[in-house]
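Reviewing the structure listed below.
The values are calculated or read from the model by the stated rules, or taken from the named source; none is laboratory data. Source: prediction; values computed, not measured. As a convention, Cβ positions derive from the backbone with ideal geometry for all residues, glycine included, and neighbour counts pool all protein chains shown. Ligands, DNA and RNA are stripped out before the accessible areas are found, and what is left, the full protein with its side chains, is counted by its heavy atoms. Shrake-Rupley method; radii C 1.70, N 1.55, O 1.52, S 1.80 Å.
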Protein chains: 2
Amino acid sequence: MKFLVPLGFTLMTLLPASAALVGKSIDYSDDHGAPLEGYVVYDDAISGPRPGVIVIHDWRGLSDETKRRADMLAKLGYIAFAADVYGKGVRPQSVPEFGKQAGKYRGDRALFRARERAAYQELLKQPQVDPTRVAAIGYCFGGTGVIEMARDGLDLKGVVSFHGGLDAQPLSPGATIKAKVLALCGADDPFEKPEDMKAFEQQLRDDKVDYQIVFYGHAVHAFTDPGVDALNQPGAKYNAAADRRSWQAMRDFLAEIFAM
Amino acid sequence: MKFLVPLGFTLMTLLPASAALVGKSIDYSDDHGAPLEGYVVYDDAISGPRPGVIVIHDWRGLSDETKRRADMLAKLGYIAFAADVYGKGVRPQSVPEFGKQAGKYRGDRALFRARERAAYQELLKQPQVDPTRVAAIGYCFGGTGVIEMARDGLDLKGVVSFHGGLDAQPLSPGATIKAKVLALCGADDPFEKPEDMKAFEQQLRDDKVDYQIVFYGHAVHAFTDPGVDALNQPGAKYNAAADRRSWQAMRDFLAEIFAM
């Protein structure tokens, strides 16, 4: 029955045949002058400003997987900016290095937020972006990171956390959370402690944040990452159904927040 | 930017201009001969079999609100069947009567399941239905009910529970759960006890059911029902954002399970 084709394909057919992604590395820096190297990508066949989506990488740092997600967003018609939290040239290559870098920023939320704020500011400089319609998505470490961006009071329409480590943390001084929040979680993620999740939700409730939390049954940590299985990390595994469904949930969310 | 129109509108434009809903009451009965009166609706402009969706009513019984949801499903291209759990002519009109009827079936799950099985069997008799692609959705009392249909082992592709009372219950003798499960919940629903929800989820986990649970922040019981506010029930309130989002989540779910 032709009326029930998957919605995603319907939208894709609206892209002009000449659609061509333009992706490039971009040098920028944070407020303290630390050099950072991000990646910006957009569809050159679209003219005029469009909503922007920042992508915060997982604990590996800005990788091909981060860029793949940015490209997927650009194909949806957005301008995507893959942020570099760790710094230019800081591209850890082993599990201990992943943990060391991620731990540094998890343990210093002010620094974490400063690095993310720099990405937000850099995205706003791009001529293709509609500065009134910006969101952020992030994976694992970056799934924690996008919530930190919201707590930093950035003028984001929304943030999407994919299997992020979620807990309660103080807002930046003088900040209020402006972003709507969508948290996409593995129901069996062993890195998500129930008491931390409860505190996370309570903070959003108390702060009157517009939030949604989705649990995907049987999914564990890093369920969106096709490359994670090769790392043999206990409690982290790719889950194709949860990957597909969480991406669809993100699409619905972005369509909603950017239509306002 | 034209690429970011809400997906729903894109799909609707595929419906032919001559689309005309045909809705009618239908008499049927359960295995014990109890007379029931449901409502079937489909788009007459669509030819050939199409997926079917059973709608299980809330504690008020089969009402105009139930029919409204069935009509919405028919507009999406499905054939919808609004089930009658309470029985022909049993249309309670007050809160005490709602509670009495709903309590009767909540307290007798075998009877509840028998009434729902009758609806499933009746839907399969309709010439417009593709019997291999059937799902069920339900609200409040009916949100409990669709989980009971899954526990009854019916050959459903999926069930969607909107603010249903959820807990653990034994399966019907010899049954396995074949349906995928999507539970759409108000994060602040006071009728949803955390320990019951935990038991519900544990049962799905143990039985290896493909499930997803969504919590809508600040939403309480009956968040999809525009008419609930007039009843002045503590802990029950319409929430437009949660209504819109949960409907979209259902659409994505139906598109996924019926495409297989």
(message) Given the whole protein assembly as supplied and a 1.4 Å probe, what does the accessible area of A:Val22 come to in Å², nearest 10?
(response) 40 Å²
(request) Note down, for the protein assembly as shown, the three equivalent ellipsoid semi-axes (square root of 5 times each alpha carbon gyration tensor eigenvalue), biggest first, whole angstrom. (result) 43, 25, 20
(request) Rank A:Leu21, B:Tyr139, A:Phe98 by how far each Cα sits towards the positive end of the charge dipole of the protein assembly as shown (+1 on Lys, Arg Cβ; -1 on Asp, Glu Cβ) and give me just the farthest. (result) A:Leu21
(message) When only alpha-carbon atoms are used, what values of Rg and Dmax, in angstrom, describe the stretch B:141-189?
(response) 10.7, 36
(message) Not counting ligands, DNA or RNA, and with a 1.4 Å probe, what is B:Arg69's accessible surface area in Å² rounded to the nearest 10?
(response) 10 Å²
(request) Taking H placed 1.01 Å from N in the peptide plane, check which residues at least 5 places from B:Gly158 or on another chain put their amide H under 5 Å from its amide H. (result) B:Ala136, B:Lys180
(message) Taking θ = phi - 60°, what integer Hz values does the Karplus form 6.51 cos²θ - 1.76 cosθ + 1.60 yield along the stretch A:175-188, in sequence order, with x for Gly and Pro?
(response) 7, 10, 7, 9, 7, 6, 10, 10, 10, 10, 10, x, 5, 10
(message) Contact order normalised by length for chain A, with contacts defined as Cα pairs under 8 Å and 6 or more residues apart; what percent is it?
(response) 14 percent
(message) For the stretch B:86-139, compute Rg over Rh where Rg is the Cα radius of gyration and Rh is the Kirkwood radius from the inverse mean 1/r over Cα pairs.
(response) 1.06
(request) Kindly give the distances from A:Val95 to its copy-mates, label point to label point, with each label point 7 Å from Cα along Cα→Cβ, as nm values to one decimal ordered shortest first. (result) 5.7
(request) Assign unit charges at the C-beta atoms only (+1 for Lys and Arg, -1 for Asp and Glu), then state the dipole size of the protein assembly as shown relative to its Cα centre in Debye, rounded to the nearest 20. (result) 620 debye
(message) Probe radius 1.4 Å, ligands and nucleic acids left out: can you give me the accessible area buried at the A-B interface, summed over both chains, in Å² to the nearest hundred?
(response) 3600 Å²
(message) Please list, short to long, the whole-number percent of alpha-carbon pairs of chain A in consecutive 5 angstrom bins beginning at zero.
(response) 1, 6, 14, 19, 20, 18, 13, 6, 2, 1, 0, 0
(request) Skip the ligands, DNA and RNA, and give the accessible area per residue of chain B with a 1.4 Å probe, whole Å². (result) 39 Å²
(request) Pull up all non-local amide H partners of B:Asp225: gap of 5 or more, or a different chain, and H-to-H distance under 5 Å with H placed in the peptide plane. (result) B:Asn239
(message) Can you tell me which of A:Val53, A:Val129, A:Val146 moves the most in a GNM of chain A? Springs connect C-alpha atoms under 10 Å apart.
(response) A:Val129
(message) Within 10 Å of each Cβ in B:43-49, how many Cβ atoms from other chains are there, averaged over the peptide?
(response) 1
(request) Between copies, how far apart are the B:Pro173 label points? List them in nm, one decimal, shortest first, with each point 7 Å from Cα toward Cβ, please? (result) 7.2
(request) Would you grab the residues whose amide H sits under 5 Å from the one on B:Ala183? Only those 5+ places off in sequence or on another chain, please, with H modelled 1.01 Å from N. (result) B:Ser161, B:Gln212, B:Ile213, B:Val214
(message) Test of understanding: in a Gaussian network model of chain B with alpha carbons linked when under 10 Å, which of B:Leu231, B:Leu166, B:Leu184 would top the mean-square fluctuation ranking?
(response) B:Leu231
(request) Tabulate in residue order the Karplus-calculated ³J(HN,Hα) for the stretch A:204-214, using 6.51 cos²θ - 1.76 cosθ + 1.60 with θ = phi - 60°, rounded to whole Hz; enter x for Gly and Pro. (result) 5, 5, 5, 7, 6, 7, 6, 9, 9, 10, 10
(request) For chain B, set up a Gaussian network in which alpha carbons nearer than 10 Å are linked by springs, and say which option among B:Leu73, B:Leu111, B:Leu62 fluctuates the most. (result) B:Leu111
(message) Quick check: the distance between the Cα centres of the stretch B:183-243 and the stretch B:37-104, to the nearest angstrom?
(response) 20 Å
(message) Considering just Cα atoms, how many Å³ per residue does the convex hull of the stretch B:114-260 enclose?
(response) 118 Å³
(message) Taking the Cα centre as origin and putting +1 on Lys and Arg beta-carbons and -1 on Asp and Glu beta-carbons, what dipole magnitude results for chain A, to the nearest 20 debye?
(response) 340 debye
(request) Kindly provide the helix-only [θ] at 222 nm of chain B, computed as the sum of -39,500 (n - 2.57) over DSSP H runs of four or more divided by all residues, to the nearest 500 deg cm²/dmol? (result) -11000 deg cm²/dmol
(request) Please name whichever of A:Met149, A:Pro170, A:Val159 sits farthest to the positive end of the charge dipole of the stretch A:141-183, dipole taken about the Cα centre and charges placed at Cβ: Lys and Arg +1, Asp and Glu -1. (result) A:Val159
(message) Probe radius 1.4 Å, ligands and nucleic acids ignored: give me the carbon and sulfur share of the accessible area of chain B as a rounded percent.
(response) 55 percent
(message) If each label sits 7 angstrom from Cα along the C-beta direction, how far apart, in nm, is B:Lys198 from its counterparts in the other copies?
(response) 0.8
(message) Tell me the accessible surface of B:Arg133 in square angstrom (1.4 angstrom probe, heavy atoms of protein chains only), to the nearest ten.
(response) 50 Å²
